[in-house]
Amino acid sequence: MSLSVAAVGGLHAEARRAAVARLLADVPGSVVLHHDLASAVGGTVVRTVRDRFGIRSTGETPLVNDCACCALREDLVPELRRLAGDGTTRLAIVELWDSVEPKAMAEVVTAGGLTVTGVITAVDPALVLPYLGNGDDLAEVGLAAAATDQRTVADTFARQLEYAPVLAVADSPEADDEDRELLAQLHPTARQVPIGHGGLAGAPVSARASAAVSPLAAAALAGFDVEAAAAAQHPACALLPAEADNHGVSTLVWNRRRPFHPERLYAALEDLTCAAARSRGRFWLADKPDVLLHWDAAGGALCVESAGPWLAALPDAAWEMVPPVRRAAAALDWHPEHGDCGNHLVFTSPGLDRDGLAHLLESCLLTDAEYAAGRDAWKRLPPAFDTLLEV
């Protein structure tokens, strides 16, 4: 029997545990592997392996470079290989600890020669907005995965949510239409599967084995492309949300083929960052016209990073080194004068002031006179973002 591996993660711990329990009940021959990073303060990570009957084994693995997540990486693949070798395990459910992000673990498992068939983030719709608005450092709430972990609750939750192609959604009595709409707009391409929609739990093993696979189990076994998932997160070709306005939640998609003035944009960063629960995309800065910049904001905090050059800035010979998905995305959005250079920012939030936000963004662009001065003049504009980019 070949081993399938499904990662189930998410900061919403109760929803995550419910999703794992559902999979364990619905997939005969399934085993849950969990590394508890909460014990890392004592110098070790505790590993538990269990099936539907209870705990099979427990063990400890020491920290690696004072990093609990690194210890998880070192221990995970050998344990999965051991499960694959026993010939009786059909599905290994890797239940990720609270702040562990599925992208890194899916890539580790795949690099280890194992087959990831599903990546699922468990979500309680009533908690989406509170978690997206939580700017606390993970270390402040006891969820840091390493001593050097500088992530926040909001940005960690956003990445967990947006990477997974499947969302296991808890049946939350506290959730309303606005909560569910926010979840839908944040990740419109995700398949949402109710955690409680099983129907096989509690039935005899023989009945479950012959019955139709439950929706969540089917999602865990459907297959997963690690390379495509990574490409979908790159700011140059990410599948960002589309325009939407429903149940009090809006998504504004803002595209412009003119660069931002560095000083005016920098002065507006706080207002832009706080204008929406979540914003992301790519942008074009006049004093760095050849650099694709990544915009990633949640919880009132903004991360701006260089994502390398625009394709328009590369010599033709260098295009062969660019992944095909990146070239295809650029071709679909190619401008005869500017190539793939431009601004594509997406803001999603309840109560979004779409007109005010659009006006503020427009005011940060180069004026007609500044634009007409050309690239040499743009490069001489004050480098307001150098500190933020650590140039």
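Quick notes on this structure:
- Looking across the range 28-46, the residues that are at pLDDT 95 or above and over 14 Å from V100 (Cβ atoms) come down to S30, V31, V32.
- Condition broken by T148, with the remaining ones in (1) out of contact with any Lys or Arg (no Cβ under 6 Å at 6 or more places or on another chain); (2) β-branched (V, I, T); (3) closer than 20 Å to L37 by Cα; (4) open to solvent by less than 60 Å² (accessible area, probe 1.4 Å) satisfied: (4)
- Condition check for E337: loosely packed, with under 14 Cβ neighbours inside 10 Å and part of a loop (DSSP other than H, G, I, E, B): yes
- R264 vs. criteria outside any strand (DSSP E or B) and at pLDDT 95 or above: yes
- Within the range 277-323, restricting attention to residues that are in a loop (DSSP other than H, G, I, E, B) and open to solvent by 10 Å² or more (accessible area, probe 1.4 Å), the residue that is farthest from L381 (Cα to Cα) is P323.
- Test: residue in the range 49-60 that is open to solvent by less than 60 Å² (accessible area, probe 1.4 Å), more than 22 Å from A146 (Cβ to Cβ), of a type in the set (S, T, Y) and in the same structural domain as V193 (by the TED database): yes
- Listing of helices (runs of 4 or more DSSP H) fully contained in the range 78-196 that carry 2 or more residues being closer than 23 Å to E227 by Cα: 102-111, 153-163
- Sole exception among (1) within 21 Å of V153 (Cα to Cα); (2) in a strand (DSSP E or B); (3) open to solvent by 10 Å² or more (accessible area, probe 1.4 Å) for C70, by number: (2)
- Listing of helices (runs of 4 or more DSSP H) fully contained in the range 349-391 that carry 3 or more residues being modelled with pLDDT under 95: 386-389
- The sole residue among S279, S306 that is among the polar types (S, T, N, Q), within 27 Å of G248 (Cβ to Cβ) and in the same structural domain as A369 (by the TED database) is S279.
- The residues on offer are D36, D26, D98, and the sole one that is touching a Lys or Arg at 6+ places or on another chain (Cβ under 9 Å) and open to solvent by less than 20 Å² (accessible area, probe 1.4 Å) is D26.
- Criterion (at pLDDT below 95 and in contact with a helix residue (DSSP H, G or I) (Cβ under 6 Å, 6 or more places away or on another chain)) met by exactly one of A330, A301, A318: A330
- Set T110, T148: member being more than 17 Å from the chain's Cα centre (by Cα), of a type in the set (S, T, Y) and farther than 26 Å from L3 by Cα: T148
- Each residue in the range 233-252 was checked for being among the aliphatic types (A, V, I, L, M), surrounded by fewer than 18 Cβ atoms within 10 Å (Cβ to Cβ) and either at pLDDT 90 or above or in the same structural domain as D155 (by the TED database) (or both), and 2 pass.
- Meets criteria (in contact with a Gly (Cβ under 6 Å, 6 or more places away or on another chain), in contact (Cβ under 8 Å) with a residue 12 or more places away in the chain, open to solvent by 30 Å² or more (accessible area, probe 1.4 Å) and of a type outside the set (A, V, I, L, M, F, W, C)) for G351: no
- Residue in the range 198-205 that is modelled with pLDDT under 90, buried (at least 16 other Cβ atoms within 10 Å of the Cβ) and in a helix (DSSP H, G or I) present: no
The values are calculated or read from the model by the stated rules, or taken from the named source; none is laboratory data. The structure displayed is predicted, hence computed values, not measured ones. Neighbour counts are summed over all protein chains in view; Cβ atoms, including those assigned to glycine, are modelled from backbone coordinates with ideal geometry. For the accessible areas, the whole protein counts, side chains as well, though only heavy atoms, and no ligand, DNA or RNA atoms are used. Shrake-Rupley method; radii C 1.70, N 1.55, O 1.52, S 1.80 Å.
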